[in-house]
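Before any comments, here is the structure.
The values are calculated or read from the model by the stated rules, or taken from the named source; none is laboratory data. Because the structure is predicted, anything quoted here is derived from the model rather than measured. Heads up, the Cβs are rebuilt from the backbone with ideal geometry, glycines too, and the neighbour counts pull from every protein chain shown.
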């Protein structure tokens, strides 16, 4: 039989949603479907494990266009015009087509932009002061050229991080719109939403508060005789990119959709804003910092597929030192590779029609619109921030995120899972506090609490010249003891202790005797549940008869926990164990042991 002209997969009959659910129900063996397979995102969205044509999917309109001319930004801190110009020209040689100059003190625009082709290179400016003076000089320099980029005076960034709103900045914003009127591709107004996500907010909050801030800005500028059309044509939105890949794609699409709706309320149907996406601070780590490269890559992918106009990728080592030439070059190469080799930005809206992403986008848009309206009904952005409504709502989500990280239910490689045990970390790079002012937003890494715990270890090593040793003492069922040893190795490794590979023993008695006499400061019992039922109590009693000072843990969840604790077990490590609580308790006991030895 000739199958040459038959459609692809024609020999396979389609599987209905009902058939799929029947099969899954059998495989779950009585387990709850929602609990096992439905992802409950902190934006309040339930994401199903699969979507088919039978699902009633709402396809959003006005989700933006995949940027064929995607801007690959590099940020340059301006110390002097000549030096910064040299760095800019070097970046352009390396494939960068967008520059963000962070200008703190006035510099000569002609020197700063010397030999930069404004026809092909996008230039943007983050201005700390003298924005009007700088912009006058810029438009004079760019006269007759196709100036592209944006201005960022920190109007909202400064407000939400300091709690002080400078009304004079509205006057400045109005003046900037007028000054740049002859450059339609240069945006004079930046509304930043990065501070929300980097302070622990979810995607719905980031969208809603950014749009609330926009409405606040529109109302302020209209009083200054700036038309709504001019405002919307001058908008650059600076948004952060989080870790949740598909949800982040949906976030940017939902933002475009809601922005169109907000504009329509002001009777603006056609406008030309831009969205600049920046890799988040929240998701980055100091430990195993090279992992940041992977995070930056997936974040950039999500933003591009979400139809942003430009991407700014921070160097992977930015969180703990001045970025090197290498790390800056690698950061720029990520977007270049995605554009040129992976065809991101060259395929027209590749995610459109994907059931999963369409569903996520529409649900985020629905939730964000609801929150946006609530804030507006209660007095708008400024009132919500002044009475700390926004701060409290973000704090609630931040605490939930941190709990999931501490419980390892949200995995962060190199932070709470899969630590690099060969890595030596300077304690001075690690956070020693997570204190923040609840009245303002404080962009931060999600890892601060775990960093502070790791710092305790590094301080202990520095003071005693001893790195605590962890022994994984295993016996009994081969499969389970290896699985639990591997889990404990990963779990305790986060602390910075010297965790040795599993050491197997003939039986529980031998394991208890040998580990009690070993040089280890922490011993973890690793075996199966059946073995624990039969021998765990004997292990603890034998161990404690020889050594009363060492930390003794058990990998698993024994039934007779109360009895084991009474015999001298210090705790357990398992899927439900909180990494911060457990490791901090271990550190405390080791510190006491070391102190008593000194005495």
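The table for this structure:
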quantity: Residue match in the range 281-300 (condition: in a helix (DSSP H, G or I), surrounded by fewer than 17 Cβ atoms within 10 Å (Cβ to Cβ) and modelled with pLDDT under 95); calculated: no
quantity: Filter result (without any contact (Cβ under 8 Å) to a residue 40 or more places away in the chain and assigned to a loop (DSSP other than H, G, I, E, B)) within the range 372-409; calculated: 378, 379, 387, 409
quantity: Residues of the range 232-258 satisfying the condition of being over 26 Å from residue 173 (Cα atoms) and more than 14 Å from the chain's Cα centre (by Cα); calculated: 250, 253, 254
quantity: Within the range 566-584, tally of residues that are more than 28 Å from the chain's Cα centre (by Cα) and surrounded by 14 or more Cβ atoms within 10 Å (Cβ to Cβ); calculated: 6
quantity: Some residue of the range 270-277 being on the phi > 0 side of the Ramachandran plot and touching a helix residue (DSSP H, G or I) at 6+ places or on another chain (Cβ under 8 Å); calculated: no
quantity: Subset of the range 339-353 [surrounded by 18 or more Cβ atoms within 10 Å (Cβ to Cβ) and either farther than 13 Å from residue 277 by Cβ or outside the structural domain of residue 249 (by TED's automatic domain parsing) (or both)]; calculated: 339, 351
quantity: Within the range 120-144, tally of residues that are modelled with pLDDT under 95 and within 24 Å of residue 90 (Cα to Cα); calculated: 0
quantity: All positions within the range 312-355 that are modelled with pLDDT of 90 or more and touching a strand residue (DSSP E or B) at 6+ places or on another chain (Cβ under 8 Å); calculated: 312, 313, 314, 328, 331, 332, 335, 336
quantity: Of residues in the range 146-165 being in contact (Cβ under 8 Å) with a residue 24 or more places away in the chain and assigned to a helix (DSSP H, G or I), the one surrounded by the fewest Cβ atoms within 10 Å (Cβ to Cβ); calculated: 162
quantity: Checklist (1) part of a helix (DSSP H, G or I); (2) more than 30 Å from residue 575 (Cα to Cα); (3) out of contact with any strand residue (DSSP E or B) (no Cβ under 6 Å at 6 or more places or on another chain) applied to residue 437, failing item; calculated: (1)
quantity: Residues of the range 462-486 satisfying the condition of being part of a helix (DSSP H, G or I) and touching a strand residue (DSSP E or B) at 6+ places or on another chain (Cβ under 6 Å); calculated: 481, 484, 485
quantity: Qualifying residue in the range 176-188 (condition: in the same structural domain as residue 126 (by TED's automatic domain parsing), closer than 21 Å to residue 390 by Cβ, touching a strand residue (DSSP E or B) at 6+ places or on another chain (Cβ under 8 Å) and in a helix (DSSP H, G or I)); calculated: no
quantity: Any hit, the range 233-256, residues being farther than 24 Å from residue 349 by Cβ and assigned to a loop (DSSP other than H, G, I, E, B); calculated: yes
quantity: Selection within the range 86-140 - under 32 Å from the mean Cα position of the chain (by Cα), crowded, with 22+ Cβ neighbours inside 10 Å, free of Cβ contacts under 8 Å to residues at least 60 places away in the same chain and part of a helix (DSSP H, G or I); calculated: 88, 131
quantity: Hey, residue 188 buried (at least 24 other Cβ atoms within 10 Å of the Cβ) and more than 28 Å from residue 399 (Cβ to Cβ) or not; calculated: yes
quantity: Residues located in the range 315-331, provided they are closer than 16 Å to residue 100 by Cβ and buried (at least 21 other Cβ atoms within 10 Å of the Cβ); calculated: 315, 328, 331
quantity: Set 221, 217, 197: member being within 24 Å of residue 147 (Cβ to Cβ), at pLDDT 95 or above and touching a strand residue (DSSP E or B) at 6+ places or on another chain (Cβ under 7 Å); calculated: 217
